[in-house]
2 protein chains.
Amino acid sequence: MARTKTFEQSEVLMKAMDLFWRKGYHATSVQDLVSYLGINRASLYHTFSGKEDLFLKALENYREINKADMLEALYSQPNAIAGIRNLFHYSLKERKDRKGCFTVNLTAALMADDKHLQEILRDNQRDFEKIIFDYLKSGEVMGEFPKGKDLRAIANLLYTLYNGIQVISKIEAAPSRQMEAVEVVLQLLEDK
Amino acid sequence: MARTKTFEQSEVLMKAMDLFWRKGYHATSVQDLVSYLGINRASLYHTFSGKEDLFLKALENYREINKADMLEALYSQPNAIAGIRNLFHYSLKERKDRKGCFTVNLTAALMADDKHLQEILRDNQRDFEKIIFDYLKSGEVMGEFPKGKDLRAIANLLYTLYNGIQVISKIEAAPSRQMEAVEVVLQLLEDK
DNA sequence: ATATTTTTGGAACAATCATTCCAAAAATAT
DNA sequence: ATATTTTTGGAATGATTGTTCCAAAAATAT
């Protein structure tokens with residue numbers, strides 16, 4: 001039988017995700033990856049087939065983690081409004097190193113002719129909005145806020161807000177400023 | 001006396017802005033610039049001192065144009081609410097080629113250690129929010145919407161919304177979806 | 001211990017990166 | 001027309017890009 005790998009593939013993928021997250025695709029060289037991941041050049045090409053493939057795997061990895069974190073942030077709260085608030089609060093705390101959000105960064109860097117990434121990012125948007133919509137819907141059923149609101153439109157607004165906040169978190173120091181914006185929108189749910 | 005340039009510096013700068021806007025800094029090579037601008041390599045280095053300098057000048061150029069466009073979009077309208085609506089409508093129409101917004105793209109691509117760009121982008125944010133705030137303030141004085149609202153917070157929210165919308169415009173087909181989000185926020189101004 | 005299989009280190013690859021340099025061309029002032 | 005000054009074309013720079021290749025090392029199965 002053959003020799004076993006000396007590194008844990010999932011750990012390396014996590015590091016690759018971190019580096020691509022911080023620097024983006026084009027500003028990250030294979031040399032950067034080799035140094036940061038701590039594995040050999042040949043191992044990188046053997047395990048993942050190249051820079052682009054590694055990037056796509058890092059992106060998938062991010063999406064899975066982010067989705068789980070999102071559900072956790074929402075459903076750990078006693079009601080819908082607190083859940084939404086916590087979702088944003090959580091995602092802003094996370095940004096200790098000002099990386100923003102992987103997928104938001106990627107969307108902003110998207111070039112118009114990149115149909116593949118475009119499709120992945122659209123899929124990501126659908127996921128996000130569906131999670132929010134379903135969550136709001138269950139909150140509405142539970143009577144946590146007045147009925148009759150356009151939850152589809154609010155989910156869309158929250159996704160837009162999330163993108164904006166993640167972008168601004170890269171230059172804005174205080175998360176409290178951004179939470180202000182969240183609170184303003186949350187009033188839309190509460191009022192009636 | 002000496003020979004005169006065969007190209008208009010401002011036109012070349014406009015093209016450079018367009019290319020950096022579409023592709024971002026790292027994905028744009030000097031060769032790309034030489035081809036797209038239609039000027040010689042040496043001319044590029046003689047006129048602008050290098051890639052980074054040209055980028056910064058393109059960024060300044062964008063900020064000036066964008067600011068003028070913004071003021072025009074706002075103050076061409078009969079009242080504050082129509083002005084804000086038009087601002088977003090205008091910026092979404094513009095995106096025929098899905099470039100998003102230069103400064104938003106740049107903010108999302110910002111690396112945490114780039115203090116210079118960070119300062120420029122913060123300055124840009126201050127500009128934006130001040131323009132919006134002053135505009136809303138004058139609308140309030142004119143009695144175009146109920147007094148007593150936190151216009152500072154609303155200006156901040158609108159900036160966040162602008163960033164989010166510009167990001168999403170790169171993957172979302174219909175501007176109408178994004179205008180929906182704008183309308184939801186505009187209700188905040190209209191409602192008592 | 002030997003055979004087998006895979007990882008690993010590092011050299012080597014051609015292509016591209018941003019930048020510099022120089023001689024030739026061009027355009028105005030005298 | 002000649003002198004002067006700047007642009008221009010294109011070659012050349014050395015560094016870095018992503019990727020491949022190969023021999024040596026390592027680890028398990030027999």
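The values are calculated or read from the model by the stated rules, or taken from the named source; none is laboratory data. It should be emphasised that the depicted structure is a prediction, and the values quoted were computed from it without experimental measurement. As a convention, Cβ positions derive from the backbone with ideal geometry for all residues, glycine included, and neighbour counts pool all protein chains shown. The accessibility values were calculated without ligands, DNA or RNA, using every heavy atom of the protein model including side chains. Shrake-Rupley method; radii C 1.70, N 1.55, O 1.52, S 1.80 Å.
Go through the residues of the stretch B:150-168 one by one and say whether even a single one is basic (Lys, Arg) and touching a residue at least 24 places away in the same chain (Cβ under 8 Å).
Pass one, the stretch B:150-168, residues basic (Lys, Arg): B:152.
From the residues that got through so far, the ones that are touching a residue at least 24 places away in the same chain (Cβ under 8 Å) too are none.
No, that holds for no residue.
Evaluate the following for residue A:45: is it within 15 Å of DNA strand D (Cβ to nearest atom) and either in contact (Cβ under 8 Å) with a residue 12 or more places away in the chain or among the basic types (Lys, Arg) (or both)? Give the steps one after another, and end with the answer.
Details: within 15 Å of DNA strand D (Cβ to nearest atom): yes; either in contact (Cβ under 8 Å) with a residue 12 or more places away in the chain or among the basic types (Lys, Arg) (or both): no.
So residue A:45 fails the test.
Filter the stretch B:75-107 for residues that are within 11 Å of residue B:182 (Cβ to Cβ) and within 14 Å of chain A (Cβ to nearest Cβ) and give the result.
B:88, B:91, B:92
Working only within the stretch A:30-56, note down all residues that are open to solvent by less than 60 Å² (accessible area, probe 1.4 Å) and among the charged types (D, E, K, R). Walk me through it before giving the result.
Of the stretch A:30-56, the ones open to solvent by less than 60 Å² (accessible area, probe 1.4 Å) are A:30, A:32-34, A:37, A:39, A:43-44, A:47-48, A:50-51, A:54-56.
Once the filter is applied, which keeps residues that are open to solvent by less than 60 Å² (accessible area, probe 1.4 Å) and among the charged types (D, E, K, R), the stretch A:30-56 yields A:32, A:51.
Do any helices (runs of 4 or more DSSP H) entirely within the stretch A:1-87 hold 3 or more residues that are hydrophobic (A, V, I, L, M, F, W, C), and if so, which?
By residue number, A:9-23, A:30-37, A:51-75.
If you check residue A:104 against the conditions, is it more than 12 Å from DNA strand D (Cβ to nearest atom), surrounded by 19 or more Cβ atoms within 10 Å (Cβ to Cβ) and within 20 Å of residue B:113 (Cβ to Cβ)? Before you say what the answer is, go through the steps one by one.
Values: more than 12 Å from DNA strand D (Cβ to nearest atom): yes; surrounded by 19 or more Cβ atoms within 10 Å (Cβ to Cβ): yes; within 20 Å of residue B:113 (Cβ to Cβ): yes.
Yes, satisfied.
For the condition more than 17 Å from residue B:11 (Cα to Cα), surrounded by 17 or more Cβ atoms within 10 Å (Cβ to Cβ) and in contact (Cβ under 8 Å) with a residue 40 or more places away in the chain, what is the one hit in B:71, B:121, B:136, B:59? Write out each step before concluding.
Details: B:71 fails: surrounded by 17 or more Cβ atoms within 10 Å (Cβ to Cβ); B:121 fails: in contact (Cβ under 8 Å) with a residue 40 or more places away in the chain; B:59 fails: more than 17 Å from residue B:11 (Cα to Cα).
That would be B:136, the only listed residue that is more than 17 Å from residue B:11 (Cα to Cα), surrounded by 17 or more Cβ atoms within 10 Å (Cβ to Cβ) and in contact (Cβ under 8 Å) with a residue 40 or more places away in the chain.
Please go through (1) within 9 Å of DNA strand D (Cβ to nearest atom); (2) farther than 26 Å from residue B:113 by Cα for residue A:8 and return the number of the only condition it doesn't satisfy.
Checking residue A:8 against (1) within 9 Å of DNA strand D (Cβ to nearest atom); (2) farther than 26 Å from residue B:113 by Cα, the one that fails is (1).
How many residues are of a type in the set (S, T, N, Q), facing chain A (nearest Cβ under 10 Å) and assigned to a helix (DSSP H, G or I) when one looks only at the stretch B:165-192?
Filtering the stretch B:165-192 down to residues of a type in the set (S, T, N, Q) leaves B:166, B:169, B:176, B:178, B:187.
With the extra rule that they be facing chain A (nearest Cβ under 10 Å), the set shrinks to B:166, B:169, B:178, B:187.
Still in the list and also assigned to a helix (DSSP H, G or I): B:166, B:178, B:187.
Adding up the residues that qualify gives 3.
Return yes when residue B:51 is under 29 Å from residue A:113 (Cβ atoms) and touching a residue at least 12 places away in the same chain (Cβ under 8 Å) and no when it is not. It would help to see each step written out before you state the result.
Values: under 29 Å from residue A:113 (Cβ atoms): yes; touching a residue at least 12 places away in the same chain (Cβ under 8 Å): yes.
Yes.
Here is a list of conditions, (1) within 8 Å of another protein chain (Cβ to nearest Cβ); (2) over 20 Å from residue B:167 (Cβ atoms), and residue A:135 meets all of them except one; can you say which number that is?
(1)
For the stretch B:138-192, what are the residues that are farther than 23 Å from residue A:166 by Cα and acidic (Asp, Glu)?
Applying the first criterion (farther than 23 Å from residue A:166 by Cα) to the stretch B:138-192 yields B:138-149, B:187, B:189-192.
Residues satisfying the conditions are B:140, B:144, B:190, B:191.
So for the stretch B:53-72 (the condition being touching a helix residue (DSSP H, G or I) at 6+ places or on another chain (Cβ under 7 Å), over 17 Å from residue B:169 (Cβ atoms) and within 16 Å of DNA strand D (Cβ to nearest atom)), does at least one residue qualify?
yes
Just the residues that are open to solvent by less than 20 Å² (accessible area, probe 1.4 Å) and either in a helix (DSSP H, G or I) or within 10 Å of chain B (Cβ to nearest Cβ) (or both), please, taken from the stretch A:141-155.
Of the residues in the stretch A:141-155, the ones open to solvent by less than 20 Å² (accessible area, probe 1.4 Å) are A:145, A:151, A:153-155.
A:151, A:153, A:154, A:155 - these are the residues of the stretch A:141-155 that are open to solvent by less than 20 Å² (accessible area, probe 1.4 Å) and either in a helix (DSSP H, G or I) or within 10 Å of chain B (Cβ to nearest Cβ) (or both).
Scan the stretch B:16-35 for residues that are within 14 Å of DNA strand D (Cβ to nearest atom), away from chain A (no Cβ under 14 Å) and either within 21 Å of residue A:109 (Cα to Cα) or in contact (Cβ under 8 Å) with a residue 24 or more places away in the chain (or both) and report the count.
3
Within 20 Å of the chain's Cα centre (by Cα) and more than 11 Å from every other protein chain (Cβ to nearest Cβ): is that true of residue A:162 in this structure?
Numbers: within 20 Å of the chain's Cα centre (by Cα): yes; more than 11 Å from every other protein chain (Cβ to nearest Cβ): no.
Judged against the criteria, residue A:162 is not a match.
Within the bounds of the stretch B:123-132, is there any residue that is under 23 Å from residue B:173 (Cα atoms), in a helix (DSSP H, G or I) and β-branched (Val, Ile, Thr)? Break it down into steps so the answer makes sense when it comes.
Within the stretch B:123-132, the subset under 23 Å from residue B:173 (Cα atoms) is none.
The answer is no; no qualifying residue exists.
Looking at the stretch A:156-187 only, could you name the residues that are closer than 13 Å to residue B:153 by Cβ and open to solvent by 10 Å² or more (accessible area, probe 1.4 Å)?
Within the stretch A:156-187, A:176, A:177, A:179, A:180, A:183, A:184, A:187 meet the criteria.
When you scan the stretch B:77-107, how many residues do you find that are within 13 Å of the chain's Cα centre (by Cα) and of a type in the set (Gly, Ala, Ser)?
Number of matching residues: 2.
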